[in-house]
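Notes for the one structure printed next.
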Amino acid sequence: MSLLTVSHLYKRFNLEAGFFARFGRFVNAVNDISFSIGRNEAYGLVGESGCGKTTTARMLVRMYEADSGEILFQQKDETISVCALKKDALGSYREKVRYIFQDPARSLNPRMSVYEVLVSGCRRPLRRRGVNEKSLREKAASILEEVGLQESDLEKRPSEFSGGQRQRISIARALLMEPEVLICDEVVSALDVSIQGQILNLLLDIREKRDISFLFIAHDLKVACYFCDRIGVMYKGELMEEARASDLYSKAMHPYTKLLFSSAAGIPDTNKRNELIKNESQGISLHDTSCSFAPRCPQAAERCFCEHPALTNIESSGHSIRCFNYAAADIPSADS
């Protein structure tokens, strides 16, 4: 059974900003996104900057309000509509679904001690659970040690730590409320490669120990394949391909997914890659009835510029792709 289910989610923003900005020109940041996250499952959303993956994640905790669509959270024997939650109910939901930001230097208050960073915003809900100040400090110390730091670090300031250590503090803060889902928004992208591995292994240990589900957002497809069970590849607000991580790593099918793999591998520019990227800026003006990746795709045919492909199941294992070159006409669409 799915713990968190996203169905046909949409979000658009005005293309221009400011007091004198014209209204009525929009960019579709998230365009009909659907996926689910099972219990103790890590689901990845991968794509280039601006593809809509962070916007999707922020809608899951109502930092952004969805224009339309449904977000369902399974709690015991009850299914909760996240978009309908108000005040205290929304606060209780956010205790179970915690968000870890990309840049801990900006998300950790430099004027607070590590202890205050951890417990800020948690005192009232934890006191409702019967946790007093002494127990809260013991709990904070225990979680700090769980993420690889020491109890003595509670009195230090975030500025006294390295980037990797600050990310560990962010993880500890998220764990303090004993959540069921962690949303990891590019949590390793700003770290050195060696530190990335340490943080990823820490998250894997936490997942095994605490039975937590993850929404893991990344632009590096190889990192996502290492950490996640299933992956959705996003481009311009849409899922272009979805599969188990092992399947995607061994047999990626969509041209955009292949481009991401080649970029992660550091392959130098070739004629094929130049052909993929030369028309990137044209994609913004494409009409919704065309394939959003068509201007960059070396396999694009006339149909790709005139019709919009559906996300189509192509294998019994759950591998889906939004591409006319692979989608058979008699296979049911995953969008329907």
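The values are calculated or read from the model by the stated rules, or taken from the named source; none is laboratory data. Treat the numbers as computed from the prediction; the structure is a model and nothing was measured. For neighbour counting, all protein chains shown are included, and Cβ atoms are generated from backbone atoms with ideal geometry for every residue, glycine included. With ligands, DNA and RNA removed, areas are computed over all heavy atoms of the protein, side chains included. Shrake-Rupley method; radii C 1.70, N 1.55, O 1.52, S 1.80 Å.
Give me the net charge of residue 62's neighbourhood, meaning all other residues with Cβ under 11 Å from the Cβ of residue 62; Lys, Arg count +1, Asp, Glu -1. With Lys, Arg at +1 and Asp, Glu at -1, the net is +2. Note on segment 1-159: Kirkwood radius taken over Cα pairs, Stokes-Einstein applied at 25 °C and 0.890 mPa s, translational D equal to 133 µm² s⁻¹.
Taking every alpha-carbon pair under 8 Å whose residues sit at least 6 apart, the chain reaches a relative contact order of 18 percent.
Give me D for the chain in µm² s⁻¹, whole number, from Stokes-Einstein with Rh from the Kirkwood sum over alpha-carbon pairs, 4 °C and 1.567 mPa s. For the chosen part, D equals 61 µm²/s. Ligands, DNA and RNA aside, residue 78 has an accessible area near 110 Å² when probed at 1.4 Å.
Taking 179, 158, 298 in turn, the Gaussian network model of the chain (Cα-Cα springs below 10 Å) assigns the largest fluctuation to 298.
Leaving out ligands and nucleic acids, note down the accessible area per residue over the chain with a 1.4 angstrom probe, in whole Å².
49
Taking 79, 55, 312 as the candidate residues, the one with maximal mean-square fluctuation in a Gaussian network model of the chain, Cα springs under 10 Å, is 79. For the chain, a simple Cβ point-charge model (Lys and Arg +1, Asp and Glu -1, everything else neutral) yields a dipole of about 960 debye relative to the Cα centre.
Residue ranges 170-178, 132-140 sort as 170-178, 132-140 when ordered by packing (mean number of other C-beta atoms within 10 Å per residue, highest first).
Using just the C-alpha positions of segment 100-239 as equal point scatterers, what log10 of I(q)/I(0) does the Debye formula give at each q in 0.18, 0.19 1/Å? After summing over all Cα pairs, the log10 values are -1.04, -1.14.
Cα-based values for segment 207-249, radius of gyration first and Dmax second, are 11.1, 36 Å.
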